[in-house]
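The structure appears below as structure tokens.
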Amino acid sequence: MSRTTNRRGTMALAIRAAATALLMGIAADTAAAQAKMPEGKDKAADKGKMGAEMGMMGAEHGKTAGSAEYTLVVKGLWTPERHPKDYPSGSAHFSGIIGATHANGFMLFKEGMKPTPGLERLSEMGAHSPLDAELKAAVAAGKAGAVFESGALKDFRDSIVVTVKVDEKHPLLSFVAMIAPSPDWFTGVMAVDLMKDGHWMASRTLDLYAYDSGGDEGTTYRAADVDNDPKKPTTRAPSTFFGAMGAEVPVARVTITRR
Ligand SMILES: [Ca+2]
Ligand SMILES: [Ca+2]
């Protein structure tokens, strides 16, 4: 079931990505044509000069970072072998991921920060609403660039695959997914910067750890709902479930590769 959901989501994204790639391809061809002009056989001085100027423009355009597309592949590492304590076999899964590209200063989650209503619900129910509305509001306010999401990951032999587009104003990305079943535990990454020294990075790979959003008091995977008020700050999830020999054991890994 999850595979169908994921495939459907991926297809929609793939179609959008193809459309963007087509536009980018046209832009790249134009830039290449401009860049080639100075090397052309045209001997007219003024034309050569014009070509050189256009070539320079092309080179300058190449220097600026502009936007870039990345493919995110999220692989589950939350397994009975790695996380033996009360592992919820038969129902263990991740909700679909939901996240955004954004500027410095935007925080989808942070240790020590109380969860928004959207993050709380995502961490407890796996629901993308109202977090999606919060992210869209951040886009409208210029703090975030684009929202992305996927279907759930119910079979860890599969991966979640999504395509995202970052731009100079929003070179960071964050996303979250519920660890389910659980009281309010989730995984994700915060503010992964895809730009380095003004250039888009080719790829990044990060381990994803388990967090407790602070929206529920339950302490075991299948604990009944125990809402709290006020909310607690987000912390790492209990090491009894997500640690071994004093070290945290990641629950997933994301590979972010430029297309
Ligand atoms: Ca909690
Ligand atoms: Ca709650």
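Of note:
- Gap separating the Cα centres of the range 85-124 and the range 143-165, nearest whole Å: 13
- Taking amide H as placed 1.01 Å from N in the peptide plane, the amide H of Ala237 sits under 5 Å from that of Ala210, Tyr211, Asp212, each at least 5 places away or on another chain.
- Distance in nm between pseudo-label sites at Thr257 and Arg157 (7 Å out along the Cβ direction from Cα): 2.2
- Extension gain from Ala141 to Lys232, taking 0.36 nm per residue of separation minus the Cα-Cα distance: 30.1 nm
- Charge dipole (debye, nearest 20) of the range 66-258; +1 at Cβ of Lys and Arg, -1 at Cβ of Asp and Glu: 440
- Taking Lys and Arg as +1 and Asp and Glu as -1, the other residues whose beta-carbon sits under 14 Å from that of Asp207 total +4.
- Extension gain, Met125 to Met245, is 40.2 nm, computed as 0.36 nm per intervening residue step minus the present C-alpha separation.
Where a number appears in this text, it was derived from the coordinates with a stated rule and is not lab data. Note that the structure is predicted; figures quoted are calculated from it, not measured. Using ideal geometry, Cβ is built from the backbone for each residue, glycine included, and neighbour counts are taken over all protein chains shown.
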